[in-house]
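Trainee: Before I ask anything, let me first share the structure, which is written out below as structure tokens.
The values are calculated or read from the model by the stated rules, or taken from the named source; none is laboratory data. Quantities reported herein were computed from a predicted structural model and do not represent experimental measurements. When we count neighbours, we look across all protein chains shown, and the Cβ atoms used for this are built from the backbone with ideal geometry, even at glycine. Heavy atoms of the whole protein, side chains included, go into the accessibility calculation; ligands, DNA and RNA do not. Shrake-Rupley method; radii C 1.70, N 1.55, O 1.52, S 1.80 Å.
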Amino acid sequence: MAVFLLLFSVLLFSCFLPGTVVYAQRSFTIRDITLSIEPGPDVQRDINVTLRCRAIVSVSGQEALSREYTVYKDSRPIYTKASSTLEELLYPLPHARVSNSGRYKCAINIQGQQMISRVQKLTVTGLSKPLLHLNKSVVMKGEELTATCTAPNETGSILFYFYEGTKEIVEEQVNSNQVEVKFRLDSEGIHWIHCSYKVFVGGDSLKSNESNSIIVSVKELPFAVVLEIAPQSGIYEGDMVFISCTISNGSEDPHLSSEDPHLISEETHLYLSQGNKLLSSGHTKVNHSMMALTNSPEDFECKLEMGKIKKTTTKTVLVSELFSTPTLIMSPAEVFQKEYLTLTCKSKSYASERLRQEELSYTLDPLQSLLIPKEDGVFFGRVLQYDFNYTCVATARGIVKRSQTLTVRPKVSVSTPKISAVGLVVIGRPFQILCQSDTGSLPINYTLMEDYEPLRSVSVERSSDQAVFTVTISRSEQIKRYMCEAKNSRKEGELSKRLSVAVIEPLTEPTLIAGSAKFPNLPDVSEGDHLYLVCSVKGSPPVTFKWYRVGSELPLHITTSHDTNADYQIPALSKDHSGTYYCEAVNHANNVVRSDPVVIEARVDRGEVSVWTKRPPDADDEKSSSVASSEPDVEYTEVVHPPTADPARAALLRKGTDTVYSELQNAPHGAADSLDQGSVEYAELNSD
């Protein structure tokens, strides 16, 4: 019982310890783990360094625990070992190198429980001196050298550099401490070769000192490459040229025989070329013949290849022109479809000392049936209706030369132009006239004419452009005087028809007339009659009319008429219709005109109606009225009816620009006694 209580107490206590694991009757806890660097964190190269990883683990029971140690460098695992007996792990770094520098840590894992130590930094200084080795110290010019550079005992990623004096010639990066490269020294003389290297540690790099220097002697090849060309001068196009490419050993006999045992081998090759074209090849001698041409100006090259040794020589051959490249000329310079054309093909110069002019022949390519030769180099015929390319070919003594391609582009004659107005045509306002032909080659020159007299011209050079002219007319009949001419050739231009388009006359002289009918002779109106307010204008219909009563912003009536007048009707005239009326009118010229006001006054109790037409007084009226009299400047008519007479009549007086006052009233008391007739009508006019 005591043993059971003791075991229970241990288990209960261990539950409160970090890293503690309980297994049946055994438990453990990882108390700590440390990493140390011996002999220290900063060492010189070649020092033996040991990383000591020590873990402190508390365990109950006698059974050994399996412990797994892991060493990390720069967060990457580099070594792992499992043991049931080790309480610490030793990781040796013998003869430490710069590449061993880094940040280290270690970890322990026991049955899934892990603990990691703190990071320790190791710094190793000092790089070994590189060693250089060359396979030869004496080479021929162009011969390949093999060089080996070694970084003794260094490890890691290493970048090697090779130098000729201070000039870097090769670099190569490897993951070993040695590299082999190949290179050539192309200039003769003495060359100093050395190498160095650079080691990459983490994100940094460390560079070594320079290696030992090795002297390399570069010598010229003991033989030469000879290139001979015959003839050497005075070469013309068509002449045969003979070329030889050989090897010379420097002896009295400048050319090697095919039996020469010193230089002839399977690796010996000669190549004769001109520009990028290989003419011939062989072992020790190459011969080639060809026709001289001026259109092959590249130098001739003779090249020797012996293994990896190469040697070349070049020569330039000057070839005189036998005749010049022909030119193709078109006459006339501008042609239209179905017109006649002459093409002339000629060479401007030829070598008269080597060639007679009659030896030159000319042909047209392609030889089109519509163009026939008239004489040597001259071709005549009708032009095609579409673009066509021609080339002239000149031939003499096997030499063929072609002219530049000439494209004949026959123009299309301009069609009869069409004349039209852009938008509305309003008298007194600027408007635009458009002249346009459906077909015709650009540029086209358009001229606006007024009764055959040119006004101005516009040249259309692009299909997106238009010939537009701005004009103004003062009378509608003037519109038919305009025409336009289109021209794109030497011929006389095409003339359009006369411009025919509707002309809009702006509205003028608006008047409002009140009466019992729609006609100009307005009869009397009476209470209860149909009253017509007739609005009339001068100008081009259609016209939109609007009638207004003063005091109201909205029109009483709106109508559009294809005539120059329209009416607004007031059925059964009464006192409620008394007021001042006016009308407005507008047409496509978009100018609004307004009439003078008309006053309608109805007196129902006396059965009379008065109609007033007012206008603002002009300057002369004001002047005369101020001098002559203080009476109002009024022109009026008075009609008197007895009580027993017919219903009151409305008398309409003058219309126009004069001021008119109209009044209908009963006769004065007693007036009827002095008259023989049943009624009296009188009028009084105040003249200016």
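Trainee: Can you grab the distance from the C-alpha centre of the range 66-134 to the C-alpha centre of the range 188-239, Å, no decimals?
Mentor: Here the answer is 47 Å between Cα centres.
Trainee: Still on this structure, please answer the following. Can you give me the C-alpha center-to-center distance between the range 375-449 and the range 331-359, rounded to a whole angstrom?
Mentor: 23 Å
Trainee: Of the peptides 573-580, 503-510, how do they stack up when ordered by the mean number of other Cβ atoms within 10 Å, highest first? Intermediate results must be reported in sequence, preceding the final value.
Mentor: Values: 573-580: 15.0, 503-510: 17.5.
Highest to lowest by the protection proxy: 503-510, 573-580.
Trainee: Given H placed on each backbone N at 1.01 Å, which residues far from Ser437 in sequence or on other chains put an amide H within less than 5 Å of it?
Mentor: Under 5 Å from the amide H of Ser437 lie the amide H atoms of Lys418, each far enough along the sequence or on another chain.
Trainee: Starting from 0.36 nm per residue, how many nanometres of slack lie between Arg118 and Met240 once their C-alpha separation is accounted for? Provide the component values of the computation, followed by the final result.
Mentor: On the way: separation 122, 0.36 × 122 = 43.92 nm, distance 8.91 nm.
Between Arg118 and Met240, full extension yields an extra 35.0 nm.
Trainee: To make sure I understand the rule: partners must be lysines, Cα under 24 Å from the Cα of Lys538, and not fewer than 8 residues away in the same chain. Which ones qualify?
Mentor: Lys480, Lys518, Lys546, Lys614, Lys655
Trainee: Do the alpha carbons of any pairs in Lys374/Lys411; Lys73/Lys129; Lys277/Lys303; Lys136/Lys310; Lys348/Lys411; Lys182/Lys308 sit beyond 20 Å of each other, and which pairs? Don't skip to the end; give the middle numbers.
Mentor: Numbers: Lys374/Lys411 24 Å; Lys73/Lys129 26 Å; Lys277/Lys303 13 Å; Lys136/Lys310 18 Å; Lys348/Lys411 30 Å; Lys182/Lys308 12 Å.
Too far apart for the 20 Å limit: Lys374/Lys411; Lys73/Lys129; Lys348/Lys411.
Trainee: With every protein chain kept in place and ligands, DNA and RNA left out, what is the accessible area per residue of the range 482-605? Probe 1.4 Å, answer in Å². Display every interim value, and only then the final one.
Mentor: On the way: 6410 Å² over 124 residues.
For the range 482-605, the solvent-accessible area averages 52 Å² per residue.
Trainee: Now, a different point. Once the Cβ-Cβ distance between Arg498 and Phe388 is put in as r, and R0 is 60 Å, what FRET efficiency do you end up with, to the nearest 0.05? Present the calculation step by step, with values, prior to reporting the outcome.
Mentor: Numbers: r = 40 Å, r/R0 = 0.67.
Efficiency for this residue pair is about 0.90.
Trainee: Here is a follow-up. Quick one: length gained pulling Lys348 to Glu180 fully straight, 0.36 nm per residue minus the C-alpha distance?
Mentor: Working: separation 168, 0.36 × 168 = 60.48 nm, distance 6.44 nm.
Between Lys348 and Glu180, full extension yields an extra 54.0 nm.
Trainee: Another question about this same structure. Between Ile229 and Ser217, with labels modelled 7 Å along Cα→Cβ, what's the label distance in nm to one decimal, could you check?
Mentor: The two pseudo-label positions are separated by 3.8 nm.
Trainee: Related question: Please turn the phi angles of the range 538-548 into ³J(HN,Hα) values with the Karplus equation 6.51 cos²θ - 1.76 cosθ + 1.60 (θ = phi - 60°), one per residue in order, whole Hz, x for glycine and proline.
Mentor: Here the 3J(HN,Hα) series is 10, x, 8, x, x, 10, 9, 9, 9, 10, 10 Hz.
Trainee: How many times 2.2 N^0.38 Å is the alpha carbon radius of gyration of the range 71-140? The partial results should precede the final answer.
Mentor: On the way: Rg = 19.9 Å, N = 70, 2.2 N^0.38 = 11.1 Å.
Working it through for the range 71-140, the quotient is 1.80.
Trainee: Continuing with this model, one more query. Could you check the simple spin-label distance between Ser187 and Lys480, using points 7 Å along Cα→Cβ, in nm with one decimal?
Mentor: A separation of 9.7 nm, rounded to one decimal place.
Trainee: Same structure again: According to a simple spin-label model (label point 7 Å from Cα along Cα-to-Cβ), what is the distance in nm between Tyr452 and Ser83?
Mentor: 12.7 nm
Trainee: Which order do the peptides 302-313, 528-539 take when ranked by the mean count of other beta-carbon atoms within 10 Å per residue, highest first?
Mentor: On the way: 302-313: 17.2, 528-539: 20.3.
Order by mean packing, descending: 528-539, 302-313.
Trainee: Dividing the convex hull volume of the alpha carbon atoms of the range 131-238 by its residue count, what do you get in Å³ per residue? Could you put the intermediate results ahead of the total?
Mentor: Working: hull volume 18.2 nm³, N = 108.
For the range 131-238, the hull spanned by Cα atoms encloses 169 Å³ per residue.
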